[in-house]
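The values are calculated or read from the model by the stated rules, or taken from the named source; none is laboratory data. All values derive from a computational prediction rather than experimental measurement. Calculation scope for accessible area: heavy atoms of the full protein, side chains included, ligands and nucleic acids excluded. Shrake-Rupley method; radii C 1.70, N 1.55, O 1.52, S 1.80 Å.
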Amino acid sequence: LDQQAPVTRATAGRGFADGGKSKHKGAEISIGYDIARAMGSFNSLVIGGTFTYTDAQFGDNGVTENRAGEPINSVLNNQLPYSPKVMINNYVSLNLHNGLGVRVSGNYIGKQFTERDNIIIPSSNGTTGQLDARYLLDGNLYYTLKKKYTFNIAGKNLTNSRAIVTRHAQGIRVALDR
């Protein structure tokens, strides 16, 4: 898939950037299996998940310019910002025949760059630098009444992991607290 990337702010506000074209390729696989039903139970114990691989790069004509219009460097074949190569979602869900259920799910997002120059080492002010991979764990308790109404209580980030999820001129943003 080829796309035209829009004109955006360059790294750390050093002018504007013509994104040029971008190249995207990837694949996704999903699987789920109900262990309890396979064994003849009235209850359900499902284990499943998805794996996504994405390779999104700047294509031709990706040149960063300073305010005077002078080229700073080419970003040809650099990874697109906020486009991790690997994402994994997994879950275990127990549904009892009386309507009660519990689900625990995890979300892994691979390392990613926050700007077009693919800077790895974070800057002292936090506006540039690679984001580390992160894994967040969530949970749900729910009850389904008369197969018609479902009541749900959810907990996000159960391990209270601290992860930087974005960097920009306003500073670092972290993942949700528990």
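What's the Kirkwood radius of segment 88-178 in Å, using all Cα pairs?
Details: mean 1/r = 0.0651 Å⁻¹.
So the Kirkwood estimate lands at 15.4 Å.
Over segment 117-167, average the accessible area per residue using a 1.4 Å probe and give it in Å², no decimals.
Per residue, segment 117-167 has 66 Å² of solvent-accessible surface.
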